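Could you have a look at this structure, given as structure tokens, before my questions?
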Amino acid sequence: MYNKSKVNYALYLVTDRDVLGNKDLCESIEQAILGGVSLVQLREKNAKTKEFYSIALKVKEVTDKYSIPLIINDRLDIALAIDADGLHIGADDIPVKIARNLLGPDKILGVSASNIDEAIEAQSQDADYLGVGAMYPTKTKKDTESVSLKELQLIKSSVQIPVVGIGGINELNAKEVMSTGVDGISVISAILGKDNVYAAAKKLHNIVEQG
């Protein structure tokens, strides 16, 4: 089990097989980790339960190999079934307090937020970190509220837990997101949508490290 007090949120990869093209998921995740990804969230919106479980086990082998935390998106049952390092939930998922009770105190629990009220509420219910966005227009997530850089900065200053900017972030705008003082950026297409996953991750890693 990953020690959640040591989590590095700097470069947070969220998976989406739709942007991979012909690339292999596990191989791409490995290349992304080698390029500097510090956290991986497995997101499978369309997979049936058995398929999601099978994919999650394979991905966990990769993340375990490099001691990178694996977070499961939405599906508490999958997170528990494969003993993932954590779970990320949004407004339409299981309530934060219930998720925490079922996960236990040692697992990482991330919550999506798009305003200060949601952020403070999630923190009060024992979330470990916040995913705040969408910062920019994104094709991989529909029905997202937009969050300005100023709002992101206000959310960061209103909570004590780590905050990660999400939504449409890439090598062109990552620097301005990091300038708000957040703990990291969450990306999908900016790494997995590129031909050279390793190089894309490395470039973003360098930007994030410079703050």
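Search region 71-82 for residues that are closer than 18 Å to Val14 by Cα and in contact (Cβ under 8 Å) with a residue 60 or more places away in the chain and pair each with any residue that is open to solvent by 60 Å² or more (accessible area, probe 1.4 Å) and polar (S, T, N, Q) when their beta-carbon atoms are under 7 Å apart and the residues are at least 6 apart or on different chains.
Taking only residues 6 or more apart or on different chains, not a single pair turns up.
Only residues in region 3-27 that are modelled with pLDDT of 95 or more and of a type in the set (Lys, Arg) count as the first member; pair them with residues that are surrounded by 22 or more Cβ atoms within 10 Å (Cβ to Cβ) and assigned to a loop (DSSP other than H, G, I, E, B), Cβ under 8 angstrom, at least 6 apart or cross-chain, and list the lot.
As it stands, the answer is Arg17/Glu44, since those pairs meet every condition given.
Scan region 27-56 residue by residue and report those that are hydrophobic (A, V, I, L, M, F, W, C) and surrounded by fewer than 14 Cβ atoms within 10 Å (Cβ to Cβ).
Within region 27-56, just Leu34 meets the criteria.
On the basis of being without any contact (Cβ under 8 Å) to a residue 40 or more places away in the chain, among the aliphatic types (A, V, I, L, M), crowded, with 23+ Cβ neighbours inside 10 Å and in contact with a His (Cβ under 7 Å, 6 or more places away or on another chain), does Ile89 make the cut?
no
If you don't mind, another one. Name the residues in region 159-201 that are open to solvent by 30 Å² or more (accessible area, probe 1.4 Å), under 17 Å from the mean Cα position of the chain (by Cα) and of a type outside the set (Asp, Glu), would you?
Pro162, Ile166, Asn170, Ser189, Gly193
Checking Ile116 against (1) within 16 Å of the chain's Cα centre (by Cα); (2) farther than 18 Å from Ile72 by Cα; (3) hydrophobic (A, V, I, L, M, F, W, C), only one condition comes out false. Which one?
Going through the list (1) within 16 Å of the chain's Cα centre (by Cα); (2) farther than 18 Å from Ile72 by Cα; (3) hydrophobic (A, V, I, L, M, F, W, C), Ile116 breaks only (1).
Something else now. If a residue must be at pLDDT below 95 and open to solvent by less than 80 Å² (accessible area, probe 1.4 Å), how many such residues does region 136-155 contain?
4
Ok, one more. Within region 112-124, how many residues are under 22 Å from Arg43 (Cβ atoms) and open to solvent by 10 Å² or more (accessible area, probe 1.4 Å)?
Final tally of qualifying residues: 3.
The values are calculated or read from the model by the stated rules, or taken from the named source; none is laboratory data. Just so we're clear, the structure is a prediction, and the values are computed from it rather than from any experiment. Counting neighbours? That spans all protein chains shown, and the Cβs are built from the backbone with ideal geometry, glycine included. Protein only, heavy atoms only, side chains kept; ligands, DNA and RNA dropped before computing areas. Shrake-Rupley method; radii C 1.70, N 1.55, O 1.52, S 1.80 Å.
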